[in-house]
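Reviewing the structure listed below.
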Amino acid sequence: MKKVTAFFLLLVFGLLGCKKEEREIKFWHFWSEPNQARVVREIIQEFEKINNCKIDVSELSWNDGKIKLILAFNSKTAPDVLELGSDWVAQFSSSEVLDTLSTQDFKFDKFYDYSLQPGKYKGKFYAIPWILGTRVLFCNLDLMKKSGIQQPPKTLDELLEYSRRINDSGFAYGFGANGSDPHRLYKKILPLIWTFGGDISDTNGNININNFITAKAFDYYFNLSRAGIIETQKQIDLLFVQGKVAFCISGEWLLDLITKSSNDLNFTTSLMPGLGTSAGFSFAGGEYLAINSKSKNKELAKKLIKFLLSEKNLLKLCREIPGAGFPADTNILKHPSLISNPNKHIFLEQLKYSKMTPVHPRWIEIEPILENALVEVLMQKKGVYQALKDAQKEIDLYNFNITF
């Protein structure tokens, strides 16, 4: 009897001894503002309770979070589960630090096709979409009315015409254009390239901006900037809230900023202007979830991702965090509770006409080259074609044939 009891106790303590290691993983995310962190923490706490486990959570900032992730992977201290921005995924997946996500474990048929592309590398999935966000046109209705404009611009020609009309009146800026605004300016020029029918990524994954359509987009943006003010996104948003800018392109965060403002702003949101009857394209950003290829508990990591992607938790995240965006899952993003605000409904519609950053392992290095080329045009330091030609030479240093 004593031997049986001793064996039983040994078995129990043996199981307890391995339990902590088997039931604990690390999760790093970028929802670091107080309310954001609270919402994520509540979701994680429920997961811990249901699964009798421990999630070691770290909150990163967008300023230095990527560097911390790279250093962690280099020092073999990276988290088991991590959040990545859509334009970062290719750099990590091509470095072979992320685990493949199988179609047996995850359903990939419920996402917009464009949102799946950043998570793919050489035909396999390495990250799954979590949250999507896009940008739309914000319009000051009072400023429009003063200039005899009844409806938001539906075409790019109308946007330029209306912006000039209001700007020339002298009582407000027509359009708020981004200037030297790192990581934001390219999100304004790419949609124009797409709307004009172009793309900067070829079939081999190389980036090519030295072409007629990109030049056309640069030229249009230059003219639009002359019908208003060139500023940073933060200042443009502030000027719009103050009623000093008639039109600007911005994200959901501006809705929250307007709500918190004491100004009684008469505004509306509209789909991005196109070339004809169809809406123009906008830039979509996304948050992705991935698993460390060296994780010692991939099953628990997969469980956590599935939990974060559940309808209940996606709705909690998007409802309780203003400006969070929409669930990437197309079966959930149309939930009535997310689109009761008519202006937010426009964002949902714009997601149908959105695209993402070109999938390229060196996009982070290429992005500032594209932006600097446009800044040189805006500042009239170079002509459009010269700026594109010079930028392409720099970009070619990062180009190589690769299939995603």
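Please work out the FRET efficiency for the pair Ser340 and Lys306, using the Cβ-Cβ distance as r and a Förster radius of 25 Å; give the result to the nearest 0.05.
Values: r = 28 Å, r/R0 = 1.11.
Using R0 = 25 Å, I get an efficiency of 0.35.
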*Rounding to the nearest 20 debye, state how big the charge dipole of the chain is about its Cα centre with +1 on each Lys and Arg Cβ and -1 on each Asp and Glu Cβ.*
1000 debye
*For the chain, with a Gaussian network of springs between Cα atoms less than 10 Å apart, report the residue from Gly325, Gly280, Gly170 with the top mean-square fluctuation.*
Gly170
*Looking at this model, which pairs from Lys216/Lys382; Lys120/Lys389; Lys66/Lys352; Lys154/Lys355 are more than 21 angstrom apart at the alpha-carbon?*
Lys120/Lys389; Lys66/Lys352
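Could you compute Rg(Cα) / (2.2 N^0.38 Å) for the range 315-381, with N its residue count? Please list the in-between numbers first.
On the way: Rg = 17.2 Å, N = 67, 2.2 N^0.38 = 10.9 Å.
Ratio of Cα Rg to 2.2 N^0.38 Å: 1.58.
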_What's the magnitude of the charge dipole for the range 186-294 around its Cα centre, counting Lys and Arg as +1 and Asp and Glu as -1 at the beta-carbon? Answer in Debye, nearest 20._
160 debye
*Any idea what angle helix 298-308 forms with the longest principal axis of the chain, computed on alpha-carbon atoms, 0 to 90 degrees, nearest 10?*
50 degrees
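Compute the signed sum of charges (Lys and Arg +1, Asp and Glu -1) over the other residues within less than 14 Å, Cβ to Cβ, of Leu192. Write out the running numbers ahead of the final one.
Numbers: positive: Arg135, Lys187, Lys188, Lys216, Lys355; negative: Asp157, Asp199, Asp219, Glu371.
Around Leu192, the charge tally is +1.
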*Please give the FRET efficiency for Asn204 paired with Phe108, using the beta carbon to beta carbon distance and R0 = 22 Å, rounded to the nearest 0.05.*
0.40
*Would you mind checking the tilt of helix 2-22 against the longest principal axis of the Cα atoms of the chain, expressed as 0 to 90 degrees and rounded to 10?*
10 degrees
_Size descriptor, Kirkwood hydrodynamic radius, that averages inverse alpha-carbon separations across the chain, Å_ = 22.9 Å
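By how many nm would the segment from Thr77 to Glu22 lengthen if fully extended, with 0.36 nm per residue of separation less the alpha-carbon distance?
Numbers: separation 55, 0.36 × 55 = 19.80 nm, distance 1.67 nm.
Between Thr77 and Glu22, full extension yields 18.1 nm more.
In deg cm²/dmol and to the nearest 500, what is the mean residue ellipticity at 222 nm of the chain if only DSSP H runs of at least 4 residues count, each as -39500 (n - 2.57), divided by the residue total? If you can, show how the numbers build up before the last one.
Values: 16 runs with 178 residues, N = 404.
Value at 222 nm, helices only, nearest 500: -13500 deg cm²/dmol.
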*Kindly put Met144, Met272 in sequence by how many other C-beta atoms sit within 10 Å of each C-beta, fewest to most.*
Met144, Met272
_Could you check the spin-label model distance between Ser32 and Phe222? Points 7 Å from the Cα along Cα→Cβ, value in nm._
3.8 nm
*If Lys and Arg each add +1 and Asp and Glu each add -1, what is the summed charge of the other residues whose beta carbon sits under 11 Å from the beta carbon of Gly383?*
0
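At 4 °C and a viscosity of 1.567 mPa s, what translational diffusion coefficient does Stokes-Einstein give for the range 114-255, taking Rh as the Kirkwood radius over Cα pairs? Give it in µm²/s as a whole number. Intermediate values should be presented prior to the final figure.
Values: Rh = 16.6 Å.
Answer from the Stokes-Einstein relation: 78 µm²/s.
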_Only counting other Cβ atoms within 10 Å, I'd like Tyr114, Tyr353, Tyr121 sorted with the fewest neighbours first._
Tyr114, Tyr353, Tyr121
*From zero up to wherever the largest Cα-Cα distance of the range 20-119 sits, split into 5 Å bins and tell me the percent of pairs in each.*
2, 10, 18, 21, 21, 20, 7, 0
*asked:* Once you place label points 7 Å from the Cα toward the Cβ at Glu48 and Asn63, how far apart are they in nm?
replied: 2.8 nm
*Answer rounded, prolate or oblate for the range 260-376, using the Cα gyration tensor with square roots of eigenvalues a ≥ b ≥ c: rounded when a/c is under 1.5, else prolate when a/b is larger than b/c, else oblate.*
oblate
*Picking from Leu317, Thr269, Ile200, whose Cα lies most toward the positive end of the charge dipole for the chain (charges on Cβ: Lys, Arg +1; Asp, Glu -1)?*
Leu317
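Just want the ordering: Ile364, Ile200, from fewest to most Cβ atoms lying within 10 Å of their own Cβ.
Working: Ile364 16, Ile200 23.
Ordered by Cβ neighbours within 10 Å, fewest first: Ile364, Ile200.
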*asked:* If the elastic network links every pair of Cα atoms under 10 Å, which of Pro129, Pro153, Pro118 fluctuates the most in the Gaussian network model of the chain?
replied: Pro153
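Values in this text are rule-based calculations from the coordinates and carry no lab data. For clarity, every value in this text was computed on a predicted model and none was experimentally measured. Don't worry about glycine lacking a Cβ; one is built from the backbone with ideal geometry, like all the others, and counts go over all protein chains shown.
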